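Novice: Pasting a structure below so you can have a look.
The values are calculated or read from the model by the stated rules, or taken from the named source; none is laboratory data. Values in this document were obtained by computation on a predicted structure and should not be read as measured data. Cβ placement follows ideal geometry from the backbone for every residue including glycine, while neighbour counts extend to all protein chains displayed.
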């Protein structure tokens, strides 16, 4: 996939957690380097991902209820975050 316009939030999230398809990496990195809007968006996504990672790491002993992703939403984010525990 070639990123011609601004990357979607989902693509920035996948990039932030390190699960972005290799074919998209260069396009996203180039775009974010020259687009202040997307650089800011990615910064907010990175902060959110870091917050979730810290929460999961700090509360790994808490028995959290099962969480179901809304229909049509990929669970790639939760899978990737849980695999980093």
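Novice: Condition test on residue 41, is it surrounded by 12 or more Cβ atoms within 10 Å (Cβ to Cβ), modelled with pLDDT of 65 or more, closer than 24 Å to residue 7 by Cα and within 13 Å of the chain's Cα centre (by Cα)?
Specialist: So residue 41 fits the description; yes.
Condition check ((1) surrounded by 10 or more Cβ atoms within 10 Å (Cβ to Cβ); (2) under 13 Å from the mean Cα position of the chain (by Cα); (3) in a helix (DSSP H, G or I); (4) at pLDDT below 85) across all residues:
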| position | (1), (2), (3), (4) |
| --- | --- |
| 46 | yes, yes, yes, no |
| 51 | yes, yes, yes, no |
| 66 | no, no, no, yes |
| 77 | yes, yes, yes, yes |
